[in-house]
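Undergrad: Handing you this structure, nothing more for now.
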Amino acid sequence: MAHPPTETHHPRRVEHLGIWSAGALKFKAYSILAEGSAIGDDMVALAQSILLEDVVPRAQHEGESNDLGFVFVHPGALGLTISVHWWCQGSVLCQHNYRRVYGATAPLDTRDRPVIACVWELALINAEQEAWRATMMGPVPDPQAYLNRPAGLETV
């Protein structure tokens, strides 16, 4: 059985893009930048429209939202990923992914291709999980402390 090719790890830069609001939800926003890539205004606008049009209704439908989460815009080597995560039920992380290969006119269907995240994105997800545990899962949850605690990663 042949194994698919693996990729050599090269660190990618992480930038904190501030706090974004969508309805009642507040998100810590990040970019993850592959070498030679940059975040364009069109990517930010797309990410913010995904928050409002796709994520807010999904969070309302899921229910029990903590109204906090994080989003990252990741122009990778093969395409663009916008991944939105929000917390519900005090300890459950929900996810909505948008993935589009460069040159494609439509995003990939995430139901047919159930990708969670790449290795660079997983590092950021883990850092956010640690921030959530430290600020929201103690005796006195502190939403502002969570929002004020960026992942603290310069590279992943």
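The values are calculated or read from the model by the stated rules, or taken from the named source; none is laboratory data. Please read these numbers as outputs of a predicted model, since none were measured by experiment. Please note: Cβ atoms are built from the backbone with ideal geometry, for glycine as well, and neighbour counts cover all protein chains shown. These area figures cover heavy atoms from the full protein model, side chains too; ligands, DNA and RNA do not enter into them. Shrake-Rupley method; radii C 1.70, N 1.55, O 1.52, S 1.80 Å.
Undergrad: Strands (runs of 3 or more DSSP E) wholly in segment 28-106 with at least 2 residues that are within 15 Å of the chain's Cα centre (by Cα) and among the aromatic types (F, W, Y) - which ones? Full working, then the answer.
TA: Values: elements: 65-75, 79-88, 92-101.
Strands (runs of 3 or more DSSP E) meeting the threshold: 65-75, 79-88.
Undergrad: Can E15 be described as open to solvent by 20 Å² or more (accessible area, probe 1.4 Å) and either farther than 25 Å from V101 by Cα or out of contact with any Phe, Trp or Tyr (no Cβ under 8 Å at 6 or more places or on another chain) (or both)? Even if it seems obvious, please write down each step before you answer.
TA: Numbers: open to solvent by 20 Å² or more (accessible area, probe 1.4 Å): yes; either farther than 25 Å from V101 by Cα or out of contact with any Phe, Trp or Tyr (no Cβ under 8 Å at 6 or more places or on another chain) (or both): no.
For E15, the condition - open to solvent by 20 Å² or more (accessible area, probe 1.4 Å) and either farther than 25 Å from V101 by Cα or out of contact with any Phe, Trp or Tyr (no Cβ under 8 Å at 6 or more places or on another chain) (or both) - is not met.
Undergrad: Here is a further query. How do the pairs read when you match residues in segment 47-58 that are without any contact (Cβ under 8 Å) to a residue 12 or more places away in the chain with residues anywhere that are in a helix (DSSP H, G or I), using Cβ under 9 Å and keeping only pairs 6 or more apart or on different chains?
TA: Cβ pairs passing all conditions: none.
Undergrad: Considering segment 110-146 alone, what residues qualify as being under 12 Å from N97 (Cβ atoms), modelled with pLDDT of 95 or more and either among the charged types (D, E, K, R) or surrounded by fewer than 13 Cβ atoms within 10 Å (Cβ to Cβ) (or both)?
TA: Filtering segment 110-146 for residues under 12 Å from N97 (Cβ atoms) gives 110-111, 113-118, 121, 125.
Subsequent filtering for residues that are modelled with pLDDT of 95 or more retains 121, 125.
Once the filter is applied, which keeps residues that are under 12 Å from N97 (Cβ atoms), modelled with pLDDT of 95 or more and either among the charged types (D, E, K, R) or surrounded by fewer than 13 Cβ atoms within 10 Å (Cβ to Cβ) (or both), segment 110-146 yields only E121.
Undergrad: Looking at segment 49-61, can you tell me whether even one residue there is open to solvent by 40 Å² or more (accessible area, probe 1.4 Å), touching a Phe, Trp or Tyr at 6+ places or on another chain (Cβ under 7 Å) and of a type in the set (S, T, N, Q)? Full working, then the answer.
TA: Restricting attention to segment 49-61, the residues satisfying the condition of being open to solvent by 40 Å² or more (accessible area, probe 1.4 Å) are 52-54, 57-58, 60-61.
Going one step further and asking which of them are touching a Phe, Trp or Tyr at 6+ places or on another chain (Cβ under 7 Å), we end up with none.
Checked segment 49-61: no residue is open to solvent by 40 Å² or more (accessible area, probe 1.4 Å), touching a Phe, Trp or Tyr at 6+ places or on another chain (Cβ under 7 Å) and of a type in the set (S, T, N, Q).
Undergrad: Pick from S31, S49, S21: which is among the polar types (S, T, N, Q) and in contact with a strand residue (DSSP E or B) (Cβ under 6 Å, 6 or more places away or on another chain)?
TA: Numbers: S49 fails: in contact with a strand residue (DSSP E or B) (Cβ under 6 Å, 6 or more places away or on another chain); S21 fails: in contact with a strand residue (DSSP E or B) (Cβ under 6 Å, 6 or more places away or on another chain).
Going through S31, S49, S21 in turn, just one is among the polar types (S, T, N, Q) and in contact with a strand residue (DSSP E or B) (Cβ under 6 Å, 6 or more places away or on another chain): S31.
Undergrad: Any residue at all in segment 66-74 that's open to solvent by 20 Å² or more (accessible area, probe 1.4 Å), free of Cβ contacts under 8 Å to residues at least 40 places away in the same chain and charged (D, E, K, R)?
TA: From segment 66-74, those open to solvent by 20 Å² or more (accessible area, probe 1.4 Å) are 66-67; that's our starting set.
Next, only the ones that are free of Cβ contacts under 8 Å to residues at least 40 places away in the same chain stay: none.
Within segment 66-74 (the criterion being open to solvent by 20 Å² or more (accessible area, probe 1.4 Å), free of Cβ contacts under 8 Å to residues at least 40 places away in the same chain and charged (D, E, K, R)), the answer is no, since none of the residues qualifies.
Undergrad: Quick one: count up the residues across segment 102-123 that are in contact with a strand residue (DSSP E or B) (Cβ under 6 Å, 6 or more places away or on another chain) and among the aliphatic types (A, V, I, L, M).
TA: 1
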